[in-house]
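J.: Got a structure here, written out as structure tokens. Questions coming.
The values are calculated or read from the model by the stated rules, or taken from the named source; none is laboratory data. Keep in mind that what you see is a predicted model, and the values were worked out from it rather than measured. Neighbour counts are summed over all protein chains in view; Cβ atoms, including those assigned to glycine, are modelled from backbone coordinates with ideal geometry. Note: areas computed on protein heavy atoms with side chains; ligands, DNA, RNA excluded. Shrake-Rupley method; radii C 1.70, N 1.55, O 1.52, S 1.80 Å.
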Amino acid sequence: MKTIQLIIIILFLGFSAQIKAQNYSDEEIKTKQTAEKFFEYVGSKDPEKISSIISEKVDWYIFESKYMPWTGHRTKRAEVAELFKTLFTYFVEGSDKFEAQSFLLRGNEVAVFGFVERTVKKTGKHFKMPFAMHMTIKDQLISQFAMYEETLIIEKAFQ
């Protein structure tokens, strides 16, 4: 029994020696804070707040779909605000979740992984799917944005 306890202690010490705390630079902390604000503002469904953390000139891309007029490429802050005004009108109020589950940080770039779920007003169909996005943050403003989602899942919910 003591041998098993000793082995467990040795294994535990071996594993715990390999665990290191993640140290973030000041830039990475600010990058994550901006990304978290983005999710907070999207959750509050406030296009003006959302656009307040978008660069005046932005490289914004969501894969284009004929069913989803908020998709495609945008280059101005005002276009992104309009995009969210449009997006919010297509879904049943209270049916949506847009949740970041993990952040990968490198300098002023962040990759975010999470899930989104919504119910389409027109069809009543509900969908849930994972997403990934990549953001570049400059001066605590999103200057580049790319959303990666399963567009076919959303398109089926619109049909």
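J.: Enumerate the amide H contacts of SER55 below 5 Å, restricted to partners 5 or more residues apart or on another chain; note that Pro and chain-start residues carry no placed amide H.
T.: ILE142, SER143
J.: Among all the lysines, which ones have a C-alpha under 22 Å from LYS121's C-alpha, if same-chain residues fewer than 8 places away are not counted?
T.: The qualifying lysines are LYS45, LYS66, LYS85, LYS97, LYS156.
J.: Going from most exposed to least, what order do LEU152, LEU87, LEU105 have by accessible area with a 1.4 Å probe?
T.: Ranked from most to least accessible, the order is LEU152, LEU105, LEU87.
J.: So, one more: Are there DSSP H segments in the chain that both extend 18 Å or more along their axis (alpha-carbon positions) and score a mean Kyte-Doolittle hydropathy of at least 0.0? List them, or say none.
T.: The qualifying helices are 2-18, 77-89.
J.: Let me ask you something else. Report, to the nearest whole %, how much of the accessible area of the chain belongs to carbon and sulfur atoms, 1.4 Å probe, protein only.
T.: Carbon with sulfur: 56 percent of the solvent-accessible area.
J.: Still on this structure, I have one more. Report the calculated FRET efficiency for LYS85 and TYR24 (r = Cβ-Cβ distance, R0 = 35 Å), to the nearest 0.05.
T.: Given R0 = 35 Å and the Cβ-Cβ separation, E is 0.55.
J.: Quick one: among ILE137, ILE54, ILE29, which has the greatest mean-square fluctuation in a GNM of the chain with alpha-carbon springs under 10 angstrom?
T.: Highest fluctuation among the options: ILE29.
J.: Given (i) 21, 19, 14; (ii) 32, 17, 13; (iii) 37, 22, 12 as candidate values of semi-axes √(5λ) of the Cα gyration tensor in Å, which corresponds to the one derived from the coordinates?
T.: (iii)
J.: If I model a spin label as a point 7 Å beyond the Cα along the Cα-Cβ vector, how far apart are those points for LYS156 and PHE113 in nm?
T.: My value for the distance between the label points is 2.2 nm.
J.: A further question on this structure: Given the protein chains as shown and a 1.4 Å probe, how many square angstrom of THR89 are accessible, to the nearest 10?
T.: 80 Å²
J.: Modelling each spin label as a point 7 Å along the Cα-to-Cβ direction, I'd like the SER65/GLN101 distance in nm, to one decimal.
T.: 1.9 nm
J.: So, one more: With runs of 4+ DSSP H residues as the only contributors, calculate the mean residue ellipticity of the chain at 222 nm using -39,500 (n - 2.57) per run, divided by the residue total and rounded to the nearest 500.
T.: -12000 deg cm²/dmol
J.: Run the numbers for LYS49 and HIS126: contour at 0.36 nm per residue of separation, minus the present Cα-Cα distance, in nm.
T.: 25.1 nm
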